[in-house]
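Comments concern the structure below.
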Amino acid sequence: MGVKNILFYGLFLIFLLIGFSNINKSTESLDTNRVKNSLDTALISCYSVEGRYPKNIQYLKKYYGFTYDTNGYFITYDWQGDNVYPNIYVYRKGNES
């Protein structure tokens, strides 16, 4: 095997790894958006039925079927009042950004 072949395969492997890394980041972003969209849907359903936003996520889990991977995500839920949409943030655990 010549030096050119080794160099070619080395560069090919590097580009392949970079591609897989980008796909993984994209998938993580989509998964985080799915959790946030699911939470938004549960919140809107609760408000539509009851006329108020719940004080915590546990209420949505119990009565509106909201579920998420508690080992994979961290959610901050800042309830402002019955008629004020809460501030919600969804973070994937283990991410620095």
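Pick from Ser45, Ser26: which is at pLDDT 80 or above, polar (S, T, N, Q), open to solvent by less than 70 Å² (accessible area, probe 1.4 Å) and at negative phi?
Criteria check complete, one pass: Ser45.
Test Gln80 against the stated conditions and say whether it is at pLDDT 95 or above and surrounded by fewer than 12 Cβ atoms within 10 Å (Cβ to Cβ).
Spelling it out, it is not the case that Gln80 is at pLDDT 95 or above and surrounded by fewer than 12 Cβ atoms within 10 Å (Cβ to Cβ).
Has the range 87-97 got at least one residue that is surrounded by 15 or more Cβ atoms within 10 Å (Cβ to Cβ), under 14 Å from Arg34 (Cα atoms) and touching a Lys or Arg at 6+ places or on another chain (Cβ under 6 Å)?
Scanning the range 87-97 turns up at least one residue that is surrounded by 15 or more Cβ atoms within 10 Å (Cβ to Cβ), under 14 Å from Arg34 (Cα atoms) and touching a Lys or Arg at 6+ places or on another chain (Cβ under 6 Å).
The values are calculated or read from the model by the stated rules, or taken from the named source; none is laboratory data. Bear in mind the structure is a predicted one, so any value in this text is a computation, not a measurement. Ideal geometry is used to build each Cβ from the backbone, glycine not excepted, and the neighbour counts take in all protein chains shown. Please note that ligands, DNA and RNA were not included when accessible areas were found on the heavy atoms of the full protein model with its side chains. Shrake-Rupley method; radii C 1.70, N 1.55, O 1.52, S 1.80 Å.
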